[in-house]
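S.K.: This structure is in structure tokens; I'll ask about it shortly.
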């Protein structure tokens, strides 16, 4: 059977062909981004992504593109285009003379109509990656449990004087030279975050603590647990 006859028979049997034909004409109207001869064989699908796409759109495109290309490597292709408004976009195309590929496209259209996520795990991973482009960035909600948000919460909730007392106890700060110690969260506790009386109290307590430890090391005293 010639390609032309096969195309006509497929179009007569599968309504999606006319739907995608109309869709292809609409999305390429007035654009000189692909030669019109190719558009007589290839049909645009609604599966696309662009530079500013959200995580769901990106995930759905990547999943569908990969799976359709694996199933129909000769009759499915994803094309990349430049665009004046949003930089670039990608779209999946299907050949109108492959009934099996067209059926697969229809199945994905139906699946997304019922449940808009192509793959839950992939979507979750894509969303995480977009919200955390580096180890020091988080663009997710404030209740995100990533290390960046955890650090922000610690910074907001920390008390310099408590951290200074702990530093004296673990030996990382000296009560005789408290100005040499920096708060690990705000770095300027002695000037702005602690009252002078609190600082002096912590220093005295630290000196007593060090004295007790010296006595304990000498076997003369045991600190209470």
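The values are calculated or read from the model by the stated rules, or taken from the named source; none is laboratory data. Everything numeric in this text was worked out from a predicted model, so none of it was measured. No Cβ is skipped: glycine too gets one built from the backbone with ideal geometry, and neighbour counts run over all protein chains shown.
S.K.: Scan region 130-162 for residues that are farther than 30 Å from residue 173 by Cα and exposed (fewer than 12 other Cβ atoms within 10 Å of the Cβ) and report the count. Break it down into steps so the answer makes sense when it comes.
M.R.: First pass over region 130-162, keeping only residues farther than 30 Å from residue 173 by Cα: 130-134, 137-145.
Still in the list and also exposed (fewer than 12 other Cβ atoms within 10 Å of the Cβ): 133-134, 137, 139, 141-143, 145.
So the count comes out to 8.
S.K.: Let me ask you something else. Which of the helices (runs of 4 or more DSSP H) contained wholly in region 109-223 include at least 3 residues that are modelled with pLDDT under 85 and over 30 Å from residue 23 (Cα atoms)?
M.R.: Values: elements: 120-131, 147-157, 160-170, 189-192, 196-217.
Ranges flagged: 147-157, 160-170, 189-192, 196-217.
S.K.: Looking only at region 24-37, decide whether some residue is in the same structural domain as residue 76 (by TED's automatic domain parsing), at pLDDT below 90, assigned to a helix (DSSP H, G or I) and within 19 Å of residue 108 (Cβ to Cβ).
M.R.: yes
S.K.: Please state which of the following conditions residue 51 fails to meet, knowing it meets all the rest: (1) closer than 28 Å to residue 14 by Cα; (2) under 19 Å from the mean Cα position of the chain (by Cα).
M.R.: Evaluating residue 51 over (1) closer than 28 Å to residue 14 by Cα; (2) under 19 Å from the mean Cα position of the chain (by Cα) leaves (1) as the failure.
S.K.: Test residue 126 against the stated conditions and say whether it is under 23 Å from the mean Cα position of the chain (by Cα) and either free of Cβ contacts under 8 Å to residues at least 40 places away in the same chain or assigned by TED's automatic domain parsing to the domain that holds residue 17 (or both).
M.R.: Working: under 23 Å from the mean Cα position of the chain (by Cα): yes; either free of Cβ contacts under 8 Å to residues at least 40 places away in the same chain or assigned by TED's automatic domain parsing to the domain that holds residue 17 (or both): no.
So residue 126 does not fit the description; no.
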